[in-house]
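Before any comments, here is the structure.
Readers should treat all values here as calculations from the given coordinates under stated rules, not as data from a laboratory. Quick caveat: nothing in here was measured; it's all calculated off a predicted structure. Every residue, glycine among them, receives a Cβ derived from its backbone with ideal geometry; neighbour counts consider all protein chains shown.
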Amino acid sequence: MNSSGAREVDVVVIGAGQAGLSAAYHLRRTGFEPDRDFVVLDHAPRPGGAWQYRWPSLTYGKVHGMHALPGMELTGADDSRPSSEVIGAYFAAYERRFGLRVHRPVEVGVVREGEGGRLLVESSEGIYATRSLVNATGTWDRPFLPRYPGQETFRGRQVHTAGYPGPQEFAGLRVMVVGGGASGTQHLMEIAEVARATYWVTRRPPVFREGPFGEEQGRAAVAMVEERVRLGLPPQSVVSVTGLPVNDAVRRARASGVLDRLPMFERITEHGVVWADGRTAEVDVILWATGFRAAVGHLAPLRLREPGGGIRVEGTRAVRDARVHLVGYGPSASTIGANRAGRAAARSIGRLLAATGVPA
């Protein structure tokens with residue numbers, strides 16, 4: 001403890017999803033000891049990161065591109081079980097196996113400048129005075145809900161992906177799904193099986209991707225997201241630039257007309273929506289599959305944002321503060337990207353602390 005009552009550590013990791021656990025794993029391999037040299041704080045009530053909040057109908061077999069955490073494969077999973085259960089159990093086993101000792105549930109309120117070159121992490125568990133910070137808070141806690149004229153007058157139900165309960169609650173209803181990403185298409189295809197009618201609305205025409213998605217295409221997609229981060233712009237997700245993968249379910253939905261896309265409407269009315277050309281649609285539910293934004297509000301006192309609204313990052317290090325690393329942010333928001341970012345952050349922190357005379 002220092003004079004202010006803060007507990008001193010070398011590293012605080014905020015978040016215990018894929019990126020946070022990867023960082024904790026590599027910190028330990030680098031020589032840092034959990035609860036002595038570093039702590040992992042997670043606001044969720046149990047292991048699983050954002051996966052624990054996924055809707056029950058998203059079974060493990062429907063998950064695209066889930067990469068195992070470093071050092072331990074996910075084997076023998078039942079494809080028919082909810083992904084929240086499968087991945088939650090996997091994360092819990094991972095934490096036990098490597099002794100990562102995640103503190104939960106712990107809410108981090110704010111990170112601010114402290115004394116002696118340390119950062120103060122103010123949490124529901126107390127204050128930590130740390131030499132470096134790994135921010136792995138992801139996006140799930142900050143769903144993005146766009147605003148349209150008349151939205152407050154709508155008498156039906158409005159739901160965001162973050163609160164999607166599964167298709168059965170929409171049985172017999174007229175449902176409009178807004179959003180052209182993977183979640184939107186998954187919601188739409190399963191709701192269409194039980195709904196009275198469905199509509200699909202997107203800002204841009206969707207791009208469907210046939211065939212394999214190899215390393216070259218993956219690198220190109222990540223490079224597009226990295227460029228935005230280098231420019232200090234809010235990052236797009238990697239998925240947003242890869243296109244929608246086509247499988248048998250998507251082919252059937254396209255053939256049946258379920259995935260016939262409509263342009264964005266102009267305004268919302270009490271009972272539906274109106275397009276610019278005067279067309280209307282009456283609906284009971286508007287499901288906003290409009291994505292998420294990076295949950296980094298607690299870092300505001302550090303003034304990391306650029307004029308463009310994003311945090312400029314080189315590798316995983318915030319350009320405006322070398323003590324702060326962002327993993328699972330921008331180009332590392334995919335599961336494989338989170339693994340790599342966790343390793344890069346741990347190595348960079350080891351070098352930073354060694355340069356200041358703190359051995360790992």
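Summarising the strand pairing of the chain, around 40 percent of its internal DSSP beta bridges are antiparallel. Summed over qualifying helices (DSSP H, 4 residues or more, each -39500 (n - 2.57)) and divided by its residue number, the chain shows a 222 nm mean residue ellipticity of -7500 deg cm²/dmol.
Do any trypsin sites (Lys or Arg not before Pro) in segment 19-112 lie in a DSSP loop with no more than 11 other beta carbon atoms within 10 Å, and if so, which?
On the way: sites: Arg28, Arg29, Arg36, Arg54, Lys62, Arg96, Arg97, Arg101, Arg112; in loops: Arg36, Arg54, Arg101.
Passing both the DSSP loop test and the Cβ count: Arg36.
Over all other residues within a Cβ to Cβ distance under 14 Å of Glu113, the charged ones net out to +3, with Lys and Arg as +1 and Asp and Glu as -1.
Output the peptides 298-306, 39-47 sorted from most to least packed, where packing is the average of other Cβ atoms within 10 Å over each peptide's residues.
Numbers: 298-306: 16.8, 39-47: 20.7.
By packing density, highest mean first, the sequence is 39-47, 298-306.
A dipole drawn for the chain from +1 and -1 charges on Cβ atoms has a positive end, and of Gly31, Ile191, Val273 the residue lying farthest that way is Gly31.
Give, as a single signed number, the net charge of other residues whose beta carbon lies under 14 Å from the beta carbon of Phe144, with Lys and Arg counted +1 and Asp and Glu -1.
Net charge in that neighbourhood comes out at +3.
Computing Cα extents along the principal axes in Å for the structure here picks out one of [x] 67, 45, 38; [y] 59, 41, 36; [z] 70, 49, 40, namely [x].
In terms of its C-alpha gyration tensor, segment 52-180 comes out oblate, because a/c is 1.5 or above while a/b does not outweigh b/c.
Each peptide among 146-158, 14-26, 260-272 gets the average number of other Cβ atoms lying within 10 Å of its residues, and from highest to lowest they stand as 14-26, 260-272, 146-158.
For segment 140-180, just say rounded, prolate or oblate: build the C-alpha gyration tensor, square-root its eigenvalues into a ≥ b ≥ c, call rounded for a/c under 1.5, and beyond that prolate if a/b exceeds b/c, oblate if not. Oblate.
Run the dipole for the chain about the Cα centre, Lys and Arg Cβ at +1, Asp and Glu Cβ at -1, nothing else charged, and hand back the magnitude in debye, nearest 20. Can you show the working numbers first?
Working: 44 positive and 36 negative charges, 110 e Å.
The dipole magnitude comes to about 520 debye.
Segment 35-67 and segment 128-180 have their alpha-carbon centroids 18 Å apart.
Sorting 325-333, 124-132 by their mean Cβ neighbour count within 10 Å, with the most densely packed peptide first, gives 325-333, 124-132.
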